[in-house]
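J.: Below is a structure I'd like to ask you about.
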Amino acid sequence: MSEHKIAMVGTPCEIMAASKLQDYTDSPIEVKLGLFCMENFSYKYFVNFLKEYDLKMDDIEKFQIDKGFLFLILKTKETVKIPLSVAKRIIRKNCNICVELTSETSDISIGSIGSDDGWSTLIVRSEKGEEIVKGAIEQRFIEVEELEESKFQLLNKLAQGKINRNLEHIEQREFLARPVLYQREKDDDSISKEISESDFSDLKSNVIDIGACVLCGACEYACPDNLIIIDDTKPRMKGQCPPDCHACFAVCPRTFIEEHLRNDNEKPIGDYINVYTVRSLKHSQGQDGSIVTTILDYLLSNEIVTEALIVDKKDDLAWKPYAKLTKDIDQVVKSGGTKYSVCPVFKPLKEINEESSTTEEGVN
Ligand code: SF4
Ligand code: SF4
Ligand code: SF4
């Protein structure tokens, strides 16, 4: 049993992967904080795209998406406003088949849609999430108000819009024999059977090679023989799988989704207990960042978790995202704004697994 209890922050696809890891592995993830996510960008394409504006990643202080525009806030304090319709071509292809806006399998979901400047929208989804929000209010980390009906409707409308738009892409892909497994409605027995007949080669042909991989790294984390390597673009395998292993196929958020995790697109924002608009009383930072930071601060300072799993930017390569574990709230503050590009978020969990197995071997 791991002594690590981790709070992770992730996009809806990463939170789905975390939920599957909780089901299929001895995952140390204790709390899932999900972000709202309409789309995400390829880092490589972004670098080239900026050249058209005579900019480099290093010129940018902050990214923000709002009301159909991508805002680049430069270190010079100037703002470059780019319509999302123009930035569309650097969106990751796998995002075109994503129907989830609000991280429906999280404990708490957080995003800016529906809230005024300085406030965020927060969706409580589990009893654990409810307890965390209650504690954070009592200890004056956050203040909450009910979300107005019109703003709640706006959130639902945008979530429904994402579903409708991307269901069309999904239909087109299925028509071209490029399966979108995670949207196929199967009962749990059929899913178990599919998993029992699948290994990395099926993951490769049904997810990776057809542009459905979200680059989360859950397959790499779950592989008991460490056969999966993830570089910047996609997972690869070295070696030979044992005949009875199906772990990578089971945990991937783009293979079949078990019934208890699936929404079947009938509820635009999924199941929830409560929806609030919320403001941090401890940190001030960019879009959604202050509430995520504040909740992580609450979780770490009350020792509800031992570490936070966050995505930070590399010091030597501007805005290049990488995942890391930290206990230090200053590190969490520094990482704000890195959600516009993805990286294998579960990599640091693999490293702690390897450390503990080395320690156990040492003790034996
Ligand atoms: S697939 Fe893309 S749009 Fe969907 S949650 Fe992941 S990063 Fe966001
Ligand atoms: S050993 Fe198992 S988890 Fe690893 S690549 Fe093969 S099937 Fe996937
Ligand atoms: S193939 Fe691996 S990295 Fe890609 S989505 Fe599936 S689990 Fe994540």
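J.: Could you order the peptides 265-276, 15-26 from most to least packed, using the average number of other C-beta atoms within 10 Å per residue? Intermediate results must be reported in sequence, preceding the final value.
T.: Details: 265-276: 16.9, 15-26: 21.7.
Descending mean neighbour count gives 15-26, 265-276.
J.: From the P(r) of the range 94-142, could you give the percentage of C-alpha pairs in the tail past 14 Å? Write down the numbers at each step before the final one.
T.: Working: 717 of 1176 pairs.
Considering the range 94-142, 61 percent of its Cα-Cα pairs are separated by more than 14 Å.
J.: Continuing with the same structure: Please sort 192-204, 170-182 by packing, taking for each peptide the average over its residues of neighbouring beta carbons within 10 angstrom, highest first. Numbers along the way, then the final one.
T.: Values: 192-204: 16.9, 170-182: 15.4.
Per-residue mean Cβ counts within 10 Å order the peptides as 192-204, 170-182.
J.: Once you sort the root eigenvalues of the Cα gyration tensor of the range 171-210 as a ≥ b ≥ c, which label holds: rounded (a/c under 1.5), prolate (a/b larger than b/c) or oblate (the other case)? Don't skip to the end; give the middle numbers.
T.: Numbers: a/c = 3.21, a/b = 1.27, b/c = 2.54.
Because a/c hits 1.5 or more and a/b fails to exceed b/c, the range 171-210 counts as oblate.
J.: Here's another thing I want to ask about it. Under unit Cβ charges (Lys, Arg +1; Asp, Glu -1), what dipole magnitude, rounded to 20 debye, does the range 103-167 have relative to its Cα centre? Write down the numbers at each step before the final one.
T.: On the way: 8 positive and 13 negative charges, 88 e Å.
Approximately 420 debye in magnitude.
J.: While we're here: Give me the dipole magnitude in Debye, nearest 20, for the range 50-91 about the Cα centre, with unit charges on the beta carbon: positive for Lys and Arg, negative for Asp and Glu.
T.: Details: 9 positive and 7 negative charges, 32 e Å.
I would put it at about 160 debye.
J.: Also, quick follow-up: Would you work out if the range 50-91 is rounded, prolate or oblate? Take a ≥ b ≥ c from the square roots of the eigenvalues of the alpha-carbon gyration tensor; rounded if a/c is under 1.5, else prolate when a/b is larger than b/c, oblate otherwise.
T.: Values: a/c = 2.19, a/b = 1.34, b/c = 1.63.
Oblate.
J.: Along the charge dipole of the range 92-246, which of Ile137, Leu154, Thr233 sits closest to the positive end, that is, farthest toward it, with unit charges on the beta carbon of Lys, Arg, Asp and Glu (+1, +1, -1, -1)?
T.: Final value for the positive-end residue is Thr233.
J.: Within the range 50-91, count lysine pairs with alpha carbon atoms under 12 angstrom apart where the residues are 8 or more positions apart or belong to different chains.
T.: 4
J.: I'd like to compare 95-102, 125-132, 6-13: which one has the highest average count of other Cβ atoms within 10 Å, and what's the full order after that? Before the final figure, lay out each step's value.
T.: Values: 95-102: 23.9, 125-132: 17.8, 6-13: 26.4.
Ranking, from highest mean packing down: 6-13, 95-102, 125-132.
J.: From the gyration tensor of the Cα coordinates in the chain, what semi-axes in whole Å does the equivalent ellipsoid have, largest first, with each one equal to sqrt(5λ)? Numbers along the way, then the final one.
T.: Values: eigenvalues 173, 123, 100 Å².
Listed largest to smallest, the semi-axes of the chain are 29, 25, 22 Å.
Where a number appears in this text, it was derived from the coordinates with a stated rule and is not lab data. What you are looking at is a predicted structure, and each value in this text was computed from that prediction instead of being measured. Neighbour counts are summed over all protein chains in view; Cβ atoms, including those assigned to glycine, are modelled from backbone coordinates with ideal geometry.
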